[in-house]
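> Okay, handing you the structure first.
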Amino acid sequence: EGSNKVLRVTRSNENWRRYVDYVNQIVVNGLVEVTLFSARYFQNQVDEQFLTNNDVAPLLEIQLKLAPPVATFTPMMGRTSQGDGLRDIVDSWLTSFVNVATLVTRLDTPEED
């Protein structure tokens, strides 16, 4: 049951709308912070200087296999049809950072009283 019903306040009440907007802004700011923190963490994980200075193990390891006349990267650079290329992996991480916002129900969606 909605908080407005427990408090016996209609959703159209101006004070209620201001309260919902206030709380909604707190939630939005928190989601922005989570996304930015995740992006900064990822940035640090691909920064060789950061990893060296902070004695941190990298999040991702890329191997170069030499089998003349071919050199092969694992994971493969770019996208693959199986979705396991380096670009696929990085894109899935970045998408998950942004999609964390889909886990929270919007507070400012209009509903009937």
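> May I ask you to evaluate 6.51 cos²θ - 1.76 cosθ + 1.60, the Karplus curve with θ = phi - 60°, for each residue of segment 59-67 and list the ³J(HN,Hα) values in order in whole Hz, giving x for glycine and proline?
For segment 59-67, the Karplus curve yields 6, 9, 10, 10, 9, 10, 9, 9, 9 Hz.
> Continuing with this model, one more query. Scale the Cα Rg of the chain by the rule-of-thumb value 2.2 N^0.38 Å and send over the ratio, two decimals.
Here the Cα radius of gyration is 1.71 times the empirical estimate.
> Would you kindly state the longest site-free stretch of the chain, with sites defined as GluC sites (Glu not before Pro) in a DSSP loop (not H, G, I, E, B) surrounded by at most 16 other Cβ atoms within 10 Å?
2-60
> Quick one: angle between helix 14-45 and the longest Cα principal axis of the chain, in degrees between 0 and 90, rounded to 10, please.
Computed tilt is about 10 degrees.
> Here is a follow-up. Choose one answer from ALA101, ALA39, ALA57: the residue with the largest mean-square fluctuation in a GNM of the chain with alpha-carbon springs under 10 Å.
Between ALA101, ALA39, ALA57, it is ALA57 that shows the largest mean-square fluctuation.
> Once a ≥ b ≥ c are taken as the square roots of the eigenvalues of the Cα gyration tensor of segment 39-94, is the result rounded (a/c under 1.5), prolate (a/b larger than b/c) or oblate (a/b not larger than b/c)?
Since a/c reaches 1.5 but b/c is at least a/b, the shape of segment 39-94 is classed as oblate.
> Let me ask something else about it. DSSP loop (so not H, G, I, E, B), at most 14 other Cβ within 10 Å: list which chymotrypsin sites (Phe, Trp or Tyr not before Pro) in segment 24-113 pass both filters.
Numbers: sites: PHE37, TYR41, PHE42, PHE50, PHE73, TRP93, PHE97; in loops: none.
Of the chymotrypsin sites (Phe, Trp or Tyr not before Pro), not one in the loops of segment 24-113 has a Cβ with at most 14 other Cβ atoms within 10 Å.
> By its C-alpha gyration tensor, with a ≥ b ≥ c as the square roots of the eigenvalues, how is segment 64-113 shaped: rounded for a/c under 1.5, else prolate for a/b larger than b/c, else oblate?
Here segment 64-113 falls in the prolate category.
> What length, rounded to one decimal in nm, is gained on full extension from ASP84 through to PHE37, with 0.36 nm per residue of separation minus their alpha-carbon distance?
Numbers: separation 47, 0.36 × 47 = 16.92 nm, distance 2.48 nm.
Once the chain is fully extended between ASP84 and PHE37, it gains 14.4 nm.
> Taking all pairs of distinct Cα atoms, average 1/r, flip it, and tell me the Kirkwood hydrodynamic radius of segment 1-41 in Å to one decimal place.
11.8
> Can you give the angle from 0 to 90° between the axis of helix 86-99 and the longest principal axis of the chain, with both taken from C-alpha atoms, to the nearest 10?
10
> Would you mind telling me the share, in percent, of accessible area of the chain contributed by carbon and sulfur at probe 1.4 angstrom?
Working: 5050 of 8990 Å².
Carbon plus sulfur share of accessible area: 56 percent.
> To continue, here is another question. Points 7 angstrom from Cα along the Cβ direction at ASN13 and ALA71: gap in nanometres?
Each label point is offset 7 Å from its Cα along the Cβ direction, giving 6.9 nm.
The values are calculated or read from the model by the stated rules, or taken from the named source; none is laboratory data. Remember, predicted model here, so these are calculated numbers, not experimental data. Positions of Cβ are backbone-derived with ideal geometry, glycine not excepted, and every protein chain shown enters the neighbour counts. Please note that ligands, DNA and RNA were not included when accessible areas were found on the heavy atoms of the full protein model with its side chains. Shrake-Rupley method; radii C 1.70, N 1.55, O 1.52, S 1.80 Å.
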